[in-house]
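Have a look at the structure below, then the notes.
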Amino acid sequence: MIAVGDGVTARGNEDRDDSRGRIASLAEAAREGHQDAIGELVTELTPVLWQVARAAGLSAPDAEDVVQTAWLSLMSHLDAIRTPASLTSWLVTTTRREAWRVRAAGRRQQPADGEWLQSIPDPGVGAEENVVLKDEHRRLRAAFRTLPQRCQELLRIVAFVPRPDYGAVAASLGMPRGSIGPTRSRCLARLRSALLNGEGGQP
Amino acid sequence: MIAMGGQHGGAGESDASDVSLLAFVRETFEAADPMPEDLPERIRFAIALRELEAEVARVAPDSESELATRGDRESWTVTFDSESLTIMIRVDENPDGTARVDGWIAPPRAHPVEIRRSDNSMTVTADKLGRFVFGSVPRGMARLVVHPPAVASADGGHDASAAGEVAGGTAGRVAGGKDAPLAGGKAVITPTLTL
């Protein structure tokens, strides 16, 4: 966990743009029917879809089902998807829609609105070994919970997609294309100030 | 931690600090709510199998405890039931660390049997007593697919090895030509096993 985290922190814009270029060529190959490319797309994009499903308040088993459903329906719609950005967007939209459907149906759980905030679980004891890092993560989670729900969902999702795909994500979140950058900045500013003020109630 | 700094508060946040805070958000969620590690693998499986018209076998009730407690034992058995077939397998560990899979199908027929993974598959054909063997299989997640046996044409031209070449994607569909193996029913697929 720690190693992954460090890697991510070190990751800059350039790496993420590379990742986008990679997704573009994989998407192209997938449309031509290359199974390997589809497999790699699954590796690249499943982590963000997991966050989308969890941010919608689903339990872990429901989130797994929903993400798998989104991928399977993508396979029937590959021909209709023309650009890499629309591939990401299509998957995010489908996952989100399906997540809300499952949540509304309340098949396995239906958190009331107030409980939504608990969809950021605290990791179990011993899950994180680095004490300093663990404390920083705890502070961030506490600050994060003070944000409006809209900000929480937006930040949680954009944190996992390459920046040039923001437009695609905006569409799937039902936001105007141009507004995602400013909204992201505003939400991050609120998060930063919550962190500085020690909000979340921990000494 | 870069993201925790945030010294220059206010409206004029640099983009770089937004990027690093966002990276920290990502890192925190990866730590707090990690995606199940095997989820991408299971999705690849589901994609690879989506065109297979198959009946899904269940772990027989008697076998559930065996599976649950197998731990690191070198040898274990499990039985699957489906409407049309019962499949029993025994998994042993080879000295080189690979797995050996011995299986029995009832009622016994010369079914092509496939071990399918997300990125490859291997196929053998059961003998007339319904027995099949995979001598050396890499460890990891796999599903067993039992294809319908090929029906021999009038001149007996179809042997078991030809049946072994039935492609997963077409199994279970009636093929047209007189030489094509006629589908004797649907394929039967087991849940994912960790060999």
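The values are calculated or read from the model by the stated rules, or taken from the named source; none is laboratory data. Values in this document were obtained by computation on a predicted structure and should not be read as measured data. Glycine gets a Cβ as well: all are built from the backbone with ideal geometry, and neighbour counts include every protein chain shown.
Scanning the stretch B:145-164 for residues that are modelled with pLDDT under 85, of a type in the set (A, V, I, L, M, F, W, C) and surrounded by 13 or more Cβ atoms within 10 Å (Cβ to Cβ) returns B:A150, B:A152, B:A160, B:A162, B:A163. Candidates are the residues of the stretch B:91-120 that are under 16 Å from the mean Cα position of the chain (by Cα) and surrounded by fewer than 16 Cβ atoms within 10 Å (Cβ to Cβ); the one that is nearest to B:P148 (Cα to Cα) is B:N120.
This table checks each residue for (1) modelled with pLDDT of 75 or more; (2) within 14 Å of the chain's Cα centre (by Cα).
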site: A:G114; (1), (2): no, no
site: A:G124; (1), (2): no, no
site: A:R138; (1), (2): yes, no
site: A:T146; (1), (2): yes, no
site: A:P162; (1), (2): no, yes
site: A:G178; (1), (2): yes, no
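Looking at this structure, is B:A48 surrounded by 18 or more Cβ atoms within 10 Å (Cβ to Cβ), modelled with pLDDT under 75 and outside any loop (DSSP other than H, G, I, E, B)? Spelling it out, it is not the case that B:A48 is surrounded by 18 or more Cβ atoms within 10 Å (Cβ to Cβ), modelled with pLDDT under 75 and outside any loop (DSSP other than H, G, I, E, B). All conditions but one from (1) away from every other protein chain (no Cβ under 14 Å); (2) assigned to a loop (DSSP other than H, G, I, E, B); (3) modelled with pLDDT under 90 apply to B:A142; the one that does not is (2). In the set (1) without any contact (Cβ under 8 Å) to a residue 60 or more places away in the chain; (2) touching a Phe, Trp or Tyr at 6+ places or on another chain (Cβ under 9 Å); (3) over 30 Å from A:H34 (Cβ atoms); (4) in a strand (DSSP E or B), B:V91 fails one condition alone, (1). The set of residues in the stretch A:57-107 being under 17 Å from the mean Cα position of the chain (by Cα) and among the hydroxyl-bearing types (S, T, Y) consists of A:S59, A:T69, A:S86, A:T88, A:S89, A:T93, A:T94, A:T95. Scanning the stretch B:24-43 for residues that are part of a helix (DSSP H, G or I), of a type outside the set (V, I, T) and within 22 Å of A:E40 (Cβ to Cβ) returns B:R26, B:E30, B:L39, B:P40, B:E41, B:R42.
Within the stretch A:93-111, the set of residues being at pLDDT 85 or above and under 13 Å from A:A63 (Cα atoms) comprises A:T94, A:T95, A:R96, A:R97, A:E98, A:A99, A:W100, A:R101, A:V102, A:R103. Restricting attention to the stretch A:70-93 and to residues that are in contact with a Phe, Trp or Tyr (Cβ under 9 Å, 6 or more places away or on another chain) and buried (at least 19 other Cβ atoms within 10 Å of the Cβ), the residue that is farthest from the other protein chains (Cβ to nearest Cβ) turns out to be A:L91.
Yes or no, residue by residue, for (1) of a type in the set (D, E); (2) under 19 Å from A:A142 (Cα atoms); (3) at pLDDT below 50:
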{"residue": "B:A11", "(1), (2), (3)": "no, no, yes"}
{"residue": "B:D18", "(1), (2), (3)": "yes, yes, no"}
{"residue": "B:L21", "(1), (2), (3)": "no, yes, no"}
{"residue": "B:D33", "(1), (2), (3)": "yes, yes, no"}
{"residue": "B:P36", "(1), (2), (3)": "no, no, no"}
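Of A:V52, A:V67, A:V48, all but one fail to be more than 10 Å from every other protein chain (Cβ to nearest Cβ), under 20 Å from A:E153 (Cα atoms), part of a helix (DSSP H, G or I) and touching a residue at least 24 places away in the same chain (Cβ under 8 Å); the exception is A:V52. Tell me which residues, restricted to the stretch A:55-64, are more than 10 Å from chain B (Cβ to nearest Cβ) and in a helix (DSSP H, G or I). Correct list: A:D62 only.
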